[in-house]
1. Run down Gly150, Gly174 and say which single residue is out of contact with any His (no Cβ under 8 Å at 6 or more places or on another chain) and farther than 26 Å from Lys4 by Cβ.
2. Does Leu232 count as within 16 Å of the ligand (Cβ to nearest atom), open to solvent by less than 10 Å² (accessible area, probe 1.4 Å) and of a type in the set (A, V, I, L, M, F, W, C)?
3. So is Asn227 touching a helix residue (DSSP H, G or I) at 6+ places or on another chain (Cβ under 6 Å), polar (S, T, N, Q), under 22 Å from Asn9 (Cα atoms) and modelled with pLDDT of 95 or more or not?
4. Going by the structure shown, is Ala240 within 16 Å of the ligand (Cβ to nearest atom), hydrophobic (A, V, I, L, M, F, W, C) and over 22 Å from Lys112 (Cα atoms)?
5. Residue check, Asn120 against (1) touching a Leu at 6+ places or on another chain (Cβ under 7 Å); (2) buried (at least 16 other Cβ atoms within 10 Å of the Cβ), all met but one. Which one?
6. Please state which one of Asp28, Asp107 is over 15 Å from the mean Cα position of the chain (by Cα) and either at pLDDT below 95 or closer than 30 Å to Pro226 by Cβ (or both).
7. Please specify each residue of region 179-213 satisfying the condition of being over 25 Å from Leu155 (Cα atoms) and buried (at least 22 other Cβ atoms within 10 Å of the Cβ).
8. If you check Gly234, Gly211, which single one turns out to be touching a Pro at 6+ places or on another chain (Cβ under 9 Å), small (Gly, Ala, Ser) and modelled with pLDDT of 95 or more?
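The values are calculated or read from the model by the stated rules, or taken from the named source; none is laboratory data. Because the structure is predicted, anything quoted here is derived from the model rather than measured. All Cβ positions, even for glycine, are placed from backbone atoms using ideal geometry, and neighbour counts span all protein chains on display. Each accessible area value is taken on the protein alone, full model and side chains, heavy atoms only, with ligands, DNA and RNA left out. Shrake-Rupley method; radii C 1.70, N 1.55, O 1.52, S 1.80 Å.
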Amino acid sequence: MRRKLLLGNWKMFKGPSDAKKLGEALKDKFKGATKPDAVAVFPPALSFASVRAALDGSPLTAGVQNLHWEKDGAFTGEISAAMAKEAGAVFALIGHSERRQYFGETDETVNKKTKAALANALVPVVCVGETLQERDGNQTNMVLTRQLKGGLAGLSAESAATIVVAYEPVWAIGTGRVATPEQAEAAHAHIRNELRVLFGALADSLPIVYGGSVKPDNARGLMSQPNIDGALVGGASLDANGFYAIGEAF
Ligand code: PEP
């Protein structure tokens, strides 16, 4: 059985004090056993410490939204995988479409960051997904293949054993327009096939989570698909009750 993951990307929302409050609300909400096997939130880097502290004693963990592949150095504004690890991060989002779109992230930088995350015992959540134009041009599978081959290049099955892939169609992120369960399942099945080409049998144990306007009322249909192993939630993860309700749909 694959692990089912509920991941919350807070994007550039919640400064340290608001983030602490949300962390406390989540700790309170998720205090019993949860349906997902793991629940993690990704606050802005400046708020990471306050969230980590607020979640102390809770089964919830935290991750970073981005990292740099070098250990340290003259890279103003960046944080390294080693620093994220030291601060208590368990996961690292890599190659989120907003980073690809606005900050020049490429399959090559995704590859370097994924390797840095793995080298520092962080679980990389490697994000892939097509734009609306690419979907309309029947290029979805081609784009996913390119992003996976580039982003995961040079990794052995052994080194890739902990990775998580997030399928996030760009047209569904923050738009309220969610992929249908069938559209998402088709993309996830394609991703799983590509992972099989790259890593053989390991592909069957790697979680592939869906992201793109997941809400409490659409989560159940998505989560019932055989190749959907959880959710990467943006907007709806900023509300403790809504985020919890999504987990209940697992
Ligand atoms: C995301 O930020 O990864 C995301 C999927 O956002 P939203 O749920 O708001 O579409």
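1. Going through Gly150, Gly174 in turn, just one is out of contact with any His (no Cβ under 8 Å at 6 or more places or on another chain) and farther than 26 Å from Lys4 by Cβ: Gly150.
2. yes
3. yes
4. Here the answer is yes, as Ala240 does meet what is asked.
5. (1)
6. Going through Asp28, Asp107 in turn, the sole match is Asp107.
7. Result: Ala179, Ala184, Gly212.
8. Gly211
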